[in-house]
Amino acid sequence: SSRSPSPSSSSNEAVDLDPSRFVFAGPSDNIPEDIKNILTSLRQISSTIVEIKQGNADILGRLTSIESHLSDSDGRLTAAEMKIESLALDVTALRNRLDDQENRARRNNVRILSFPEGVEQGNPTRFLGEILPALLKLPEGTDFSIERAHRSFAPKPAPGQRPRTFVVKFLRFPMKELLLKVAQELGKVDWDGHNILFFPDLSKALQDRRRLFLPVKKILRDKNVKFCWGGGFEM
């Protein structure tokens with residue numbers, strides 16, 4: 001009789017289903033021996049089927065474990081994403097509040113551009129307090145009540161480069177508004193051949209938001225539509 005290789009005892013190994021494992025003897029005159037060989041082969045096949053079932057059970061168990069871990073990971077990922085989204089909203093709200101407070105702190109400030117370096121002779125508060133009323137054609141003796149003034153905190157430019165901006169803080173908000181209003185009405189303010197420009201002192205974030213509005217402003221002006229900023233701190 002022919003012998004077949006014994007099946008693997010490990011359920012973790014691939015089951016060999018090569019038909020050559022199961023060799024059946026051809027017909028012979030010894031029927032009992034043939035029956036014995038057939039039964040032996042059937043037992044081998046049955047053992048192999050048991051191994052396959054056990055292997056499938058192990059695979060199914062592992063898949064179930066993986067699915068459980070994936071489900072748990074998905075739950076934690078969803079919770080983390082929701083937390084991140086909530087924190088992002090909090091950060092945005094805090095940033096907006098901080099920006100609002102920064103602009104409120106600058107509420108009485110004005111930025112003045114194009115005065116040459118050194119004209120203030122070390123005392124920008126006195127220089128601007130004396131020159132602004134006449135420059136803006138205001139009544140003699142107009143007191144802007146400047147609390148303090150200084151050049152922007154940038155390195156001193158080399159000769160021929162653009163001068164640093166004056167940052168001016170007024171004691172009273174109405175005087176700051178008066179200066180901007182008069183400067184806008186004059187259109188062009190000239191001092192010793194320099195075109196002096198006046199701007200409200202705004203945070204970078206607010207400047208960026210207003211810059212997005214520039215195309216809309218152009219359309220409104222082209223159509224002679226009047227508009228204004230809301231509250232000074234918002235678009």
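Under a crude label model (7 Å from the Cα following the beta-carbon direction), how far is Asn123 from Ala88 in nanometres?
Label-label distance for Asn123 and Ala88, simple model: 5.5 nm.
What spacing in nm lies between the two simple spin-label points modelled at Lys53 and His150, each 7 Å away from Cα in the Cβ direction?
Modelled inter-label distance: 8.8 nm.
Between beta-carbons, use under 14 Å as the cut-off and find the net charge around Phe170, counting Lys and Arg +1, Asp and Glu -1.
Net charge around Phe170: +4.
Take the alpha-carbon centre of the range 85-164, take the same for the range 173-231, and report the distance between them in whole Å.
14 Å
How much FRET efficiency would the formula 1/(1 + (r/R0)^6) give for Arg43 and Leu63, where r is the Cβ-Cβ distance and R0 is 41 Å, rounded to 0.05?
0.85
Let me spell out the model: positive unit charges on the Cβ of Lys and Arg, negative unit charges on the Cβ of Asp and Glu, origin at the Cα centre of the range 31-85. What dipole size does that give, in debye rounded to 20?
Working: 6 positive and 9 negative charges, 44 e Å.
Magnitude of the dipole: close to 200 debye.
Could you rank the peptides 82-91, 148-157, 34-43, 194-203 by their average count of other C-beta atoms within 10 Å per residue, with the highest value first?
Details: 82-91: 10.0, 148-157: 11.7, 34-43: 13.6, 194-203: 16.8.
Taking the mean over residues of other Cβ atoms within 10 Å, the ranking is 194-203, 34-43, 148-157, 82-91.
How big is the Rg/Rh ratio for the range 110-214, C-alpha atoms only, Rh by Kirkwood, two decimals?
0.95
Towards the positive end of the charge dipole of the range 156-235, with charges on Cβ (+1 Lys, Arg; -1 Asp, Glu), say which of Pro159, Leu212, Gly187 has the farthest Cα.
Of Pro159, Leu212, Gly187, it is Leu212.
Every read-out reported here was derived from the displayed coordinates using simple, explicitly stated rules and does not represent laboratory data. All values reported here derive from a predicted model rather than from experimental measurement. Neighbour counts run over all protein chains shown; Cβ positions are idealised from the backbone, glycine included.
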